[in-house]
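Shown next, in structure tokens, is the structure this report addresses.
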Amino acid sequence: MRIAFGRWTIIQVLILAALWPVGGCSDDDGSASTSAPSANIYSPANGCYAVESSSGFLGREAETGYGFSASAQTATPFFMKPSALGTYLLYDSDAGYLVSDGSMLRRVSELDSDVTTLIDGYQSNGEWDLQVSDRDRSRFRLRHRKSGLYLTRAGLGDVAQAAAIALQPRAGCAEFPEEKTYTEGRVKVTKFDDGAVFGFADAHSHILANFGFGGWGIFHGAPFHPLGVKHALPDCQKFHGSEGRKDLFGYGYDSNSSNVDLSLLVETLLRGRLPQFNHHTAGYPDFTEWPSGPFSSTHQVQYYKWLERAYLGGLRLVVQDAVSNQIICDLLGNGRIQPIRYSCNDMTAVERQLDEVYHMQDYIDAQEGGPGNGWFRIVTTPQAAREVILAGKMAVVLGIETSNVLDCPLTPPDGGPRCNEDSVRQRLEHVYERGVRAMFPVHKYDNAFSAGDGHKGFIELGNMIQTSNFSNFTTDCDESFAGGFDSGAMSFPGINMPRADYFAAPPLDLSHFYDNIIFTLGPLLDRLMQGPIPGEHLHCQAAGLTPLGEFLMQQMMSKGMIIEVDHMPRRSYKRAYEILEANDYPAAGTHGRDYNGRLYALGGISTSGFSNCRSATQAATVDDGFQSRLDTIRANGGYPGLGFGLDLNGFAGATGPRFGSRSGCGVPQTDPLSYPFTSYAGDVTFLQPKVGNRTLDFNTEGLVHIGLLPDQIEDVRRDGLSKKDLDPLFRSAEAYIRMWEKAEKRAAELRAR
């Protein structure tokens, strides 16, 4: 189990105390040294140093190697770029890396990684662990991660031969490739007069979606990489193919077409690529076409430096939902169209994302000089979230949003057993111990807890493949509440065969459809070609929460977890509220549903946003319902804080531009955003941003990545709004924490019954 933020202070003190030099300084030959810095393995982060031993300074020897033959004047200056806590890339003044072949010291201009080799877990030969020398605690030693050997005066050797080195400050280092925030100033800790924490929340985010869907390039680009931005955000051709033609899911989603052309789908899957140009693939530093939040769904928009820019603009609480979809992964990965790292199983991807979010925290800590120093802090209690925000940092809550949550599909693979109360209890405890505090009991597809969310289109087809069941829609729908996915007409009415028993044995076997799509789906072709039904007929799921789904809710309540209800179909949603209200327990509606205000009466939160277009008569907040939602919150006794549920990296799009050829505004727009501007809190100045070599224009590109959230807020701010109008946005982190505090309070009371 990971250690919560509140305990880092003690651990950090112990680490620093252990590393702080005592007594005199000596080199590896026993001679005195007075110039060595204190042996803190984190302090060299992002600094420029020469490496000194008793044999001399490390310097270039010919074109391909290094040795300890240089003088202080000819020593190579190395930029110490952290790749993890206490681990570094040594980047020389000519943009090369210190590496080793396991024997000698070498120099290369490019590093291989898991991304370049397509080998999951690949260990670069350019990473070095900085350790305190066991012979002189004022000096260091360098351990080569790949070989496990140590830097010696003659190359690499065992720990007994390790050179005791000093890092001498130098100038003249090459600038390590990295994205910038394009800001000036630092966050000043602030809070509202009534004591509420200051900052807005993004209550629905998928920072690490690149580790979903099989974990390679179905979703391309990482929020960080140990070897830097060139490996986090490279050209996507290796994964999306030449001209992006293998990015089938991105093409299907970004085309915004509600009509499913089945014949084109099958033809494209058989070819393994699109018949025409799809998108430019260039990544860092050119970024020809992506990132592009409004127009490119399968490329990363939350690189850590972009996320930092949003944090500098007031983002103080993020819910990082681990996400995946087995059918997308099976279709493209097991269908051998795009590479995958590991099993398409949803929880395999969830576990990896939980690993990586902690690695991301450590990586950001490393950039900031050591454990606990970073602005990205994973929290497991509302008290810790409050403390983190009051320290001027960003609280990160861990969640899960996937269909086969806790490995509980409706139809277990290969005839395996279904989940039961014991397995659910154990698996929930496992993810809780890993730090998960928010969870969707159901997502797109039917599972053991509930019918799927009722989304139509390709989801109908995916649900059939996932469960080996025909669709289970009815027209007997409760229309007393609006919103959600469980509405509209079916796209594939021919595969709808409502069943009385939700758990009836499935009539199909589509478990390995990706082995031969034509053979598997061929017998169903006539059914698939029927439709869609014209008009706006309402079809909703015939099933709702199962007894096991109700048990899961009770278990989550007993732990004080945040229950995400917005992907529940109508019947599940209604029953969930009966359970919540019977227990006076809050929930989260992070897709914006509130059940006619009943969510707020329970102390829950929902999300909203701003229109990308200016109105000729009203402010954007009013246009998009922000103010009317606040009125509903107040009318139901809720806390007046209303944040975002951006769903970035979650195939949900982003705010589009107000100007230019891609603007969707029907009303003429005026007053484009200009730079520089000052944050809402007045502590940070924002300059016009770039990604790599590409200058961004919020006016004509919209929310390109999460780092342009401050730009969007400034654009809205200038739309005739007062500071008071936007206060509820900057109280949304407080609103989330209050909901969580009530959940924990009610959990304690329920356990005491």
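Quick one, could you list the DSSP H helices from the chain stretching 15 Å or more along their long axis (Cα atoms) with average Kyte-Doolittle hydropathy of -0.5 or above?
8-19, 547-558
Determine the shape class of the range 33-189: with a ≥ b ≥ c the square roots of the Cα gyration tensor eigenvalues, call it rounded for a/c under 1.5, and otherwise prolate if a/b is greater than b/c, oblate otherwise.
Since a/c stays below 1.5, the shape of the range 33-189 is classed as rounded.
Treating cross-link reach as a plain straight distance, find the lysines whose alpha-carbon is under 19 Å from the alpha-carbon of LYS191, omitting any fewer than eight places away in the same chain.
Partners within reach: LYS393, LYS723, LYS724.
Compute the label zone of ASP727 within the range 172-203: residues whose backbone N is under 19 Å from the point 7 Å along Cα-to-Cβ.
Residues 190-201 fall inside that zone.
Where Lys and Arg each count +1 and Asp and Glu each count -1, what net charge lies around GLY121 among other residues with Cβ under 10 Å from its Cβ?
-1
Go ahead and run the numbers for FRET between ASP515 and ARG634, Cβ-Cβ distance against an R0 of 41 Å, rounding to 0.05.
0.15
Under a point spin-label approximation (7 Å from Cα along Cα-to-Cβ), what is the ARG718-SER343 distance to one decimal in nm?
5.3 nm
Residue separation times 0.36 nm, minus the C-alpha to C-alpha distance between ASP158 and ASP355: what's the value?
Stretched out fully, the ASP158 to ASP355 stretch lengthens by 67.9 nm.
Subtracting the Cα-Cα distance from 0.36 nm times the residue separation, let me have the gained length for GLU184 to GLU421 in nm, one decimal.
Computed gain between GLU184 and GLU421 is 80.0 nm.
Any idea what the dipole of the chain comes to, in debye rounded to 20, about its Cα centre with Lys/Arg Cβ at +1 and Asp/Glu Cβ at -1?
With Lys and Arg at +1 and Asp and Glu at -1, about 1040 debye.
Under 13 Å from the 7 Å Cα→Cβ point of GLU749, by amide nitrogen: which residues of the range 549-588?
Only 581-586 pass the distance filter.
If you count, for each residue, the other Cβ atoms within 10 Å and average over each peptide, how do 540-553, 420-433 line up from highest to lowest?
For the peptides 540-553, 420-433, the packing ranking is 540-553, 420-433.
Around TYR66, under 14 Å between beta carbons, what's the net of Lys plus Arg minus Asp minus Glu among the other residues?
-2
Could you order peptides 685-696, 345-356 by the average number of other Cβ atoms within 10 Å of their residues, highest first?
Packing proxy ranking, top to bottom: 345-356, 685-696.
Given the Cα-Cα distance of GLU479 and HIS537 and 0.36 nm per residue of separation, how much length would full extension add, in nm?
That pair, GLU479 and HIS537, stretches by 19.7 nm at full extension.
What share of the DSSP beta bridges in the chain is antiparallel, in percent to the nearest 5?
65 percent
With each pseudo-label sitting 7 Å past Cα toward Cβ, what's the ARG662-SER558 distance in nm, one decimal?
5.0 nm
What spacing in nm lies between the two simple spin-label points modelled at ALA652 and GLN530, each 7 Å away from Cα in the Cβ direction?
Each label point is offset 7 Å from its Cα along the Cβ direction, giving 3.5 nm.
Hey, can you rank 706-714, 130-138 by average C-beta count inside 10 Å, highest first?
So the order, starting with the most tightly packed, is 706-714, 130-138.
Values quoted throughout were computed directly from the atomic coordinates according to the rules given, and no laboratory measurement underlies them. What you see is a predicted model; the values in this text were computed from it and never measured. Because the Cβ atoms are built from the backbone with ideal geometry, glycine has one as well, and the counts that use them run over all protein chains shown.
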